[in-house]
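**Student:** I have a structure here, written as structure tokens, and I will follow up with some questions on it.
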Amino acid sequence: MGIDITLWRVEKPGTSPRRWRRHRVATYIDSDASFTHACASSGLPMLSRADPYGSLVLSGEEMDPFTAEVASLDIDPTVCTEVLALARSCASLSDHELHLDGD
């Protein structure tokens with residue numbers, strides 16, 4: 001059981017979050033749980049907030065520390081590349097969020 005990482009575009013037609021609509025842009029599924037285990041054992045402030053049984057929503061403003069911490073992980077480079085691509089997309093677009101969802 002791994003953490004799925006999803007990039008969402010958020011439409012905010014009003015001030016109430018109940019009216020906001022989210023559209024899935026891209027997803028990385030941590031099928032072998034390597035990213036999940038790396039987050040849990042990292043001891044890094046941003047990544048240690050990732051919960052394999054809960055959800056964590058990150059905004060574009062939080063992407064700089066997130067990408068720095070992901071880049072420092074000692075995991076399969078393919079996993080790192082996939083996660084960093086989603087994070088960089090989130091950082092460059094103001095109306096996007098990155099969701100880290102556990103099972």
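Every read-out reported here was derived from the displayed coordinates using simple, explicitly stated rules and does not represent laboratory data. These numbers were taken from a predicted model, which means no experiment stands behind them. Cβ placement follows ideal geometry from the backbone for every residue including glycine, while neighbour counts extend to all protein chains displayed.
**Student:** So, of the residues in the stretch 1-27 that are in contact (Cβ under 8 Å) with a residue 40 or more places away in the chain and charged (D, E, K, R), which turns out to be nearest to Y53 (Cα to Cα)?
**Tutor:** Here the residue is D4.
**Student:** I would also like to ask the following. Of everything in the stretch 12-22 that's surrounded by 11 or more Cβ atoms within 10 Å (Cβ to Cβ) and in contact with a Phe, Trp or Tyr (Cβ under 8 Å, 6 or more places away or on another chain), which residue is nearest to L47 (Cα to Cα)?
**Tutor:** For the stretch 12-22, the residue satisfying everything is R22.
**Student:** Could you give every pair whose Cβ atoms fall below 6 Å, whose first residue belongs to the stretch 46-67 and is touching a residue at least 40 places away in the same chain (Cβ under 8 Å) and under 18 Å from G102 (Cβ atoms), and whose second residue is of a type in the set (V, I, T) and part of a helix (DSSP H, G or I), counting only separations of at least 6 or pairs across chains?
**Tutor:** Short answer, once both residue conditions are applied: P52/T36.
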